């Protein structure tokens, strides 16, 4: 693609699949947005929305795979825009795409960081009923999660191993939770609730609009499919390995998220309003607690598995955003591009780009202190 080889090709197809799936991590996304999805369309939205979004993601994945196979570059979309857009618009299209892509990666890291931070504080709250959650508690947990995952990304040679561990951790956690929760739940919802219940608490009068708007929750669980494309210069035979990683992410994501959703919906004990209004601020943790008959230790253990999965997701997100920043700077798309495009030869990572990206994630987290609505937006 016209670039000098700067990054060592340490990744295998399994480790690059680990990065791709660890970031997308569909069942983790569903666990974080489960109750929000219920309020936006009920179980119908989640169960059938996953199928719909998985089909759309398959189309997206095929398109990404074709482009990644033809033009394997760490730049991904902005590079393809430069190559394929009409000459008159190519530079503008590439520049705009690069900025949107990097901003999207930074905001994704912030989103995952908040999910992990909220889960950590929620576990503490469940174990200490007298504890009242303050906004700064979640903010502090968010920043600690961001810092911890920053450290994992400063040594390139261990990243493929971390990616594999994250993949296995996610799949093992999924199996443990999916089997345990319905097995110990004192009662189970009927099939009509799981497969035929529509709930509209969005404020929209039309059910169809509420369903379409609610799809953002299931779509979040299949986002970031392009992650593997930005590791094209760190894997052998990227024209083959990248498409395998992308389509493997969609396939594993669909299977895990769909069965996880069904399992959790069947395991809801009584009215789900108590779950959505949980004092822990983490609805899935409250679901675990009720299903395990108020066994706080068991619920915290299951939520710890989700936290571990979330940290793997955040590590992958940091890898993704740093490669985007580095490659975009290499093509002079960012201020300070000479400094941002440097690769640390000893650590084998674009350390400057990684540091700046994580610093911006930390700054974005400050929005949460000022306004939860602003941060969520």
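What to note about this one:
- Pair list, Cβ < 9 Å and 6+ apart or interchain, from segment 31-44 residues that are more than 10 Å from residue 218 (Cα to Cα) to residues that are at pLDDT below 75 and not in a helix (DSSP H, G or I): 35/272; 38/272
- Look at (1) part of a loop (DSSP other than H, G, I, E, B); (2) farther than 18 Å from residue 19 by Cβ; (3) touching a residue at least 12 places away in the same chain (Cβ under 8 Å) and you find that residue 81 fails only one, number (1).
- Within segment 263-299, considering residues that are surrounded by fewer than 19 Cβ atoms within 10 Å (Cβ to Cβ) and outside any loop (DSSP other than H, G, I, E, B), the one nearest to the chain's Cα centre (by Cα): 276
- Look at (1) closer than 18 Å to residue 254 by Cα; (2) in a helix (DSSP H, G or I) and you find that residue 222 fails only one, number (2).
- Failed item in (1) at pLDDT 90 or above; (2) under 24 Å from the mean Cα position of the chain (by Cα); (3) closer than 30 Å to residue 48 by Cα, with residue 145 passing the rest: (3)
- Among the conditions (1) surrounded by 17 or more Cβ atoms within 10 Å (Cβ to Cβ); (2) assigned to a loop (DSSP other than H, G, I, E, B); (3) without any contact (Cβ under 8 Å) to a residue 40 or more places away in the chain, residue 333 misses just one, which is (3).
- Scan of segment 301-330 for residues that are over 20 Å from residue 113 (Cβ atoms) and either touching a residue at least 24 places away in the same chain (Cβ under 8 Å) or crowded, with 22+ Cβ neighbours inside 10 Å (or both), ordered by number: 302, 326, 327, 328, 329, 330
- Pairing each residue of segment 189-200 that is outside any helix (DSSP H, G or I) with any residue that is surrounded by fewer than 18 Cβ atoms within 10 Å (Cβ to Cβ), provided the two are 6+ apart or on different chains, yields C-beta distances under 8 Å for 198/207; 200/207.
- Across segment 172-202, the number of residues qualifying as closer than 24 Å to residue 40 by Cα and either exposed (fewer than 13 other Cβ atoms within 10 Å of the Cβ) or modelled with pLDDT under 90 (or both) comes to 14.
- Of all residues in segment 1-60, those satisfying the criterion of being closer than 26 Å to residue 168 by Cβ and outside any helix (DSSP H, G or I) are 7, 8, 9, 10, 11, 12, 25.
- Total residues in segment 1-33 satisfying the condition of being surrounded by fewer than 24 Cβ atoms within 10 Å (Cβ to Cβ) and within 27 Å of residue 285 (Cβ to Cβ): the figure is 1.
- The residues on offer are 163, 210, 232, and the sole one that is under 24 Å from the mean Cα position of the chain (by Cα), under 24 Å from residue 256 (Cα atoms) and crowded, with 20+ Cβ neighbours inside 10 Å is 163.
- Here residue 373 meets the list (1) over 20 Å from residue 137 (Cβ atoms); (2) out of contact with any helix residue (DSSP H, G or I) (no Cβ under 9 Å at 6 or more places or on another chain) almost entirely, failing just condition (1).
Residue-by-condition table, conditions (1) surrounded by fewer than 19 Cβ atoms within 10 Å (Cβ to Cβ); (2) assigned to a helix (DSSP H, G or I); (3) modelled with pLDDT of 95 or more; (4) touching a helix residue (DSSP H, G or I) at 6+ places or on another chain (Cβ under 8 Å):
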residue	(1), (2), (3), (4)
104	yes, yes, no, no
108	no, yes, no, yes
116	no, yes, no, yes
123	no, yes, no, yes
126	no, yes, no, yes
129	yes, no, no, no
138	no, yes, no, yes
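The values are calculated or read from the model by the stated rules, or taken from the named source; none is laboratory data. These numbers come from a predicted model, not from an experiment. All Cβ positions, even for glycine, are placed from backbone atoms using ideal geometry, and neighbour counts span all protein chains on display.
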